[in-house]
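Colleague: Following this message is one structure expressed as structure tokens.
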Amino acid sequence: MKTRNYVALAAMATALLASCQSKPSDPEAAFINELMSKMTLAEKIGQTNLLPAPGPIFTGISEEADILNQIKEGKGGSSRNIKGAEAIREYQRIAVEETRLGIPLLFGLDVIHGYQTEFPIPLAVSCAWDTVGVKLSAQIAAREASTDGIAWTYSPMVDICRDARWGRIAEGNGEDPWLSGLLGAAYVKGWQGDDLSDPQTLMACLKHYALYGAAESGRDYNTTDMSENRMFNEYLLPYQMAVEAGGGSVMTSFNDINGTPATANSWLQNDILRKQWNFDGFIVTDYGAIKEMKAHGLGGDDVVTERAMQATVDMDMCSELYISQLESLLEQKRVTMKQIDDACYRILQAKYRLGLFDDPYRYNDAERGKTELFKAENREAARKITASTFVLLKNDNELLPLEKKGKIALIGPMANNQSQLRGCWSVPSDHTQYSTIYDVMKQRLAGAAEVRYAEGCHYSYDPTLEQRFLWNDAPSTRSHQELLNEALA
């Protein structure tokens, strides 16, 4: 009797095993695991290295880099701030055709509030309390940027800041965590759509995790000293809401939190982000953030690299410490092979979900760009969204609208400056496409009123300002008050 029972159990086990083996495996996992089985340690580490754009980078640690050889040697899996369909296609061709395994690159860019068609800065857009408008602005920017080879944007920024001295406040959604979370989620949905493999969408990158805007005295990269109670109630909610909206990647912040740099904070990255919020995407540093942890007193190159990897940070943006330190740290058993494999896997997973293995050039469509970039429909949407963000002062004594007659004084350094019309952090757009306020007023009031322009003041103190004060572009040495009195006469 026992023998028959054993035989029956064995038969059931065999049938169950056969059933499991015949079940189709997850195609994503199967593809990535097979690819990784062919990769050397150096190639896996190379995927964790984000290469800077060639030429000077005017942010962070500011370096110059020639990335062509690094791509050919498999020392980079992604790059940032390379602009133009032709340039990106060539870099992608090198990665796909001139490396051993032909793994495509992931190209990212700061597409913050528009690509060629500009929208107001996020702080201004937040004034409309309009999640539908935010989502639409991201959709339009994604459709434009994806024609040039961009597949990844470093947006949304959902840092809460209540100190106007902080220089990055313009890129956020204000000081309310619930509103910032709603708008952050809307940006994610706009960037990524319903299908990340759609070549007219971009992968979002939630930033800066965490508490970047809470740095002491409004000083960028500074210390943040905060209780967990305040942290969870006032600052972490927007990050969580953007993660739950499906954001594909997260960027660490430069600041430290209660004495530990965010990029080395395992409690933030692993315990909260991955385990509590179930984030399954990859984590990238901000520009050079691993190297900059040395300035926080954490240790030398080896120590900061080890701490970042222990905190499950997958991608090193431009400090190049992962490719210079990880192999040695592995030999010393200060990091594990599983940690390196996990980081590589998550980066390859993002590329798979973006469809780059099916077609490395899918986000590089010059033909679509001819009709998509800066098209009239996009500009009209931008005008409507912009109008909804205006915060108006009281129209006392019905001063507005101005009568179309006499002399109208236009004063201020931004009124006749094309580049300033775009707002801050507008890397992709071409400011020459825009007319200045002065130009438009002259055009609209031609024959009806005279528009007189003066710079009035400069962005910073300049003792030569008296000599550069202009009316209708003619230099004058008279005082500001004299010119102002003349304009208002």
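Colleague: How about the stretch 350-372: which of its residues are more than 30 Å from Ile32 (Cα to Cα) and surrounded by 19 or more Cβ atoms within 10 Å (Cβ to Cβ)? Quick ask: steps written out before the conclusion?
Modeller: Of the residues in the stretch 350-372, the ones more than 30 Å from Ile32 (Cα to Cα) are 367-372.
Selection gives Gly369, Glu372.
Colleague: Between a first residue in the stretch 88-107 that is more than 26 Å from Asn33 (Cβ to Cβ) and a second residue that is aromatic (Phe, Trp, Tyr), which pairs have beta carbons less than 8 Å apart while being 6 or more apart in sequence or on different chains?
Modeller: Pairs found: Ile88/Phe107; Arg89/Tyr361; Tyr91/Phe107.
Colleague: How about the stretch 405-420: which of its residues are in contact (Cβ under 8 Å) with a residue 40 or more places away in the chain and open to solvent by 70 Å² or more (accessible area, probe 1.4 Å)?
Modeller: At the first step, the residues of the stretch 405-420 found to be in contact (Cβ under 8 Å) with a residue 40 or more places away in the chain are 405-413.
Within the stretch 405-420, Lys405, Lys407, Ile411 qualify.
Colleague: Looking at the stretch 423-451, I want the residues that are within 30 Å of Asp148 (Cα to Cα) and have a partner that is assigned to a helix (DSSP H, G or I) and open to solvent by 50 Å² or more (accessible area, probe 1.4 Å) with Cβ atoms under 8 Å, at least 6 apart or on another chain. Which pairs are those?
Modeller: What qualifies is His431/Leu421; Tyr434/Leu421; Ser435/Gln443; Thr436/Leu421; Ile437/Leu421.
Colleague: Of all residues in the stretch 251-299 being of a type in the set (Ser, Thr, Tyr) and open to solvent by less than 10 Å² (accessible area, probe 1.4 Å), which is farthest from Met241 (Cα to Cα)?
Modeller: Within the stretch 251-299, the subset of a type in the set (Ser, Thr, Tyr) is 252-253, 260, 263, 266, 285, 287.
From what's left, open to solvent by less than 10 Å² (accessible area, probe 1.4 Å): 252-253, 263, 285, 287.
Working: Thr252: 16, Ser253: 18, Thr263: 21, Thr285: 20, Tyr287: 24 Å.
Among them, the one singled out is Tyr287.
Colleague: Could you grab me the full set of residues in the stretch 260-291 that are assigned to a helix (DSSP H, G or I) and within 19 Å of the chain's Cα centre (by Cα)?
Modeller: Ala262, Thr263, Gln269, Leu273, Ala289, Ile290
Colleague: Still on this structure, please answer the following. Starting from residues that are outside any loop (DSSP other than H, G, I, E, B) and either open to solvent by 100 Å² or more (accessible area, probe 1.4 Å) or touching a Pro at 6+ places or on another chain (Cβ under 9 Å) (or both), keep the ones in the stretch 380-404 and report whichever is nearest to Val440 (Cα to Cα). Break it down stepwise before answering.
Modeller: Taking the stretch 380-404 and keeping what is outside any loop (DSSP other than H, G, I, E, B), we get 380-389, 396-398.
Checking the rest, the ones that are also either open to solvent by 100 Å² or more (accessible area, probe 1.4 Å) or touching a Pro at 6+ places or on another chain (Cβ under 9 Å) (or both) come to 382-386, 389, 397-398.
On the way: Ala382: 18, Arg383: 15, Lys384: 18, Ile385: 20, Thr386: 17, Thr389: 21, Asn397: 26, Glu398: 23 Å.
Result: Arg383.
Colleague: Within the stretch 1-108, which helices (runs of 4 or more DSSP H) (wholly inside it) include 1 or more residues that are of a type in the set (Val, Ile, Thr), at pLDDT below 85 and over 25 Å from the mean Cα position of the chain (by Cα)? Please lay out each step first, then the result.
Modeller: Details: elements: 2-22, 27-38, 41-47, 68-72, 85-97.
It comes to 2-22.
The values are calculated or read from the model by the stated rules, or taken from the named source; none is laboratory data. Just so we're clear, the structure is a prediction, and the values are computed from it rather than from any experiment. Backbone-built Cβ (ideal geometry, glycine too); neighbour counts: all protein chains shown. SASA here: full protein model, heavy atoms, side chains in, ligands and nucleic acids out. Shrake-Rupley method; radii C 1.70, N 1.55, O 1.52, S 1.80 Å.
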